[in-house]
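*Asks:* Can you read through this structure? Questions will come right after.
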Amino acid sequence: MAGAGPLARSALVLVVAVVVHVGLLAHITPAGVIVDPLVLLAVAGGMMGGRSTGASFGGGCGLASDLILHTPFGMSLLVLTLVGYLSGAITEQNPSVGRLARAAIASLLAAGGIGLFAGAGWLMDLVYVTEAPIVRIAIVTGVASLLTNPLLERATRWALIIRPRITAKPESTARGG
Amino acid sequence: MARRAGIRRRTWLRLALLVVTAIALLTLDARGSGGVLDAARGATQEVLGPVRRFGDWVTGPIRNAWQGLVGFDELETENAHLREELAEAHASVLRVGELERDRQELLGLLDARDVVRAIPRVTARVTDAPVSNFERTILLDRGRRDGIREGMPVESGDGLIGRVVEAEPSWASVELLTDPNFDVGVRIVRSGDGGLASGRGPGRDLDVSYIELETVVIPGETVVTSGFAGSTFPAGLLVGTVTDVEPDAVRGAQRVTVHPAADLERLRWVQVVLYEPDVPEPVIVDREPTDSPADAGAAGDQS
């Protein structure tokens, strides 16, 4: 797998995330909330790869999410593409932040991603989305992102073939993303 | 500078392409023409089925142990509550018997065959809670191979819980009756008046509309499915009990609130009622070829 390109590596990371989601996280529900690793990955992908790579990686996460959820097909693709793009855009504005600050930003972005999903649900008049406990889901997702960000950063760096220390100009460091 | 502008343009193009693709997929899905999408989703669920079951098997003991640790106080409260309920149940046995007699009598009066008991059922296990916080369905470990089809009613030992919305060879998903999209024709047993029960969201009671103002409805009355012609639900499935009645003079009807009989929060085993409604055969009208003068004239003009 070491010689594989970013597309194959990203696909592998997404498959692992889906298996972890369905096989593990769907059964462990802190505060009654299921943590969606694809939202966290979309954020990490955007933060590591920049807005362009983030949009694509987020899109991949969204497509994978659409395949396993019963929400309208394309909804997760739309939301996670935007999440990946926005994560990249925000990180590009503040490229030289420390690891802790990055984790905190990722946490806020992940919580914001849940808000964006709820907003899309509201636009599509999906009562089961708008009537879900959005604030609780956003808080738990944010905390989960804070705790797992180092691992997710490492996974997305490997997937997108990004050298660890260069984060100042992510667009120029992501190859083929 | 030009390179940066190029990168920016490419980024915007990529984003636009992804957003347009998402909107196209949403449109296809909304129009119900997403056969390929449904097939892809079905295949993914089929592949992930064993993963879900394995995860459930592995995490089950851990979850139970955790529940035992953190839920001890809750368990004690629940025990006390259950004891109270048991006492109430003993007291209401006679009343239940009376209601059942009422139900049978009413079904007889309405000439609605009480087919409920005769319909075969498939017992299925609820494989897991949903995989998302925004999911509105539960999954069963039985599917088309066991005779389950879309639209079939699903009940627990206590009453109706929903309907099958998707059936694949080895699994099926069920829309719960509290879902805002869920509607079912119902009948209030004592009065025999019919209405439409609709879900109002998880944890909330059902709303029954179209009950006439003149009908006397008393809280505590039993509500069953009406099984009108073409309905995917047979007559006589227990839905719940009336908890509130509110006259709506503007609409000229009563708004009746019904508490579902089944506990939708703790579903482990359910039964799919293998009921397929009698669909009236299509009437085929043989049309004799008409040789009206107008037709002949038109044919002559064309030639």
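*Asks:* What full-extension length gain, to one decimal in nm, is calculated for B:Val216 and B:Ala65 as 0.36 nm per residue of separation minus the Cα-Cα distance?
*Replies:* 49.4 nm
*Asks:* Here's something else I'd like to know. To make sure I understand, if each residue's beta carbon is the centre and we count other beta carbons within 10 Å, what order do A:Met124, A:Met48, A:Met75 fall in, fewest to most? Mind showing how you got there, number by number?
*Replies:* Details: A:Met124 14, A:Met48 30, A:Met75 25.
Least crowded to most crowded, the residues run A:Met124, A:Met75, A:Met48.
*Asks:* Helix A:6-20: angle to the longest alpha-carbon principal axis of chain A, degrees 0 to 90, nearest 10?
*Replies:* Once rounded, one gets 30 degrees.
*Asks:* Does anyone have the angle between helix A:99-123 and the longest principal axis of chain A? Alpha-carbon axes, 0 to 90°, nearest 10?
*Replies:* Result, in degrees: 40.
*Asks:* Treat the count of other C-beta atoms within 10 Å as a stand-in for reagent exposure and order B:Ile161, A:Ile139 from fewest to most. Walk me through the numbers on the way to the answer.
*Replies:* Details: B:Ile161 24, A:Ile139 16.
The order, fewest Cβ neighbours first, is A:Ile139, B:Ile161.
*Asks:* Between B:Glu85 and B:Asp263, what is 0.36 nm times their sequence separation minus the Cα-Cα distance? Round to one decimal in nm.
*Replies:* Length difference between fully extended and current span is 62.7 nm.
*Asks:* In whole Hz, with x marking every Gly and Pro, tabulate ³J(HN,Hα) for region B:253-270 from phi via Karplus 6.51 cos²θ - 1.76 cosθ + 1.60, θ = phi - 60°.
*Replies:* Whole-Hz 3J(HN,Hα) from phi for region B:253-270: 8, 9, 9, 10, 9, 10, 8, x, 6, 8, 7, 7, 7, 10, 8, 10, 10, 9.
*Asks:* Hey, another quick one. Explain nothing, just compute: Karplus ³J(HN,Hα) = 6.51 cos²θ - 1.76 cosθ + 1.60, θ = phi - 60°, for every residue of region B:55-61 in order, whole Hz, x for Gly and Pro.
*Replies:* x, 5, 5, 6, 7, x, x
*Asks:* Against the longest principal axis of chain A, how steep is helix A:37-68, in degrees 0 to 90 to the nearest 10, with axes from Cα atoms?
*Replies:* Helix A:37-68 sits at roughly 40 degrees to that axis.
*Asks:* Using the 10 angstrom Cβ neighbour count as an exposure proxy, how do B:Ile218, B:Ile148 rank, fewest first?
*Replies:* Numbers: B:Ile218 10, B:Ile148 24.
Ascending Cβ contact count within 10 Å gives the list B:Ile218, B:Ile148.
*Asks:* Non-local amide H neighbours of B:Asp193 (under 5 Å, H modeled in plane, Pro and chain starts lacking H): which ones?
*Replies:* Under 5 Å from the amide H of B:Asp193: B:Ile188.
Throughout, read-outs are computed from the coordinates displayed, never taken from laboratory work. Source: prediction; values computed, not measured. Note: ideal-geometry Cβ built from the backbone for every residue, glycine included; neighbour counts use all protein chains shown.
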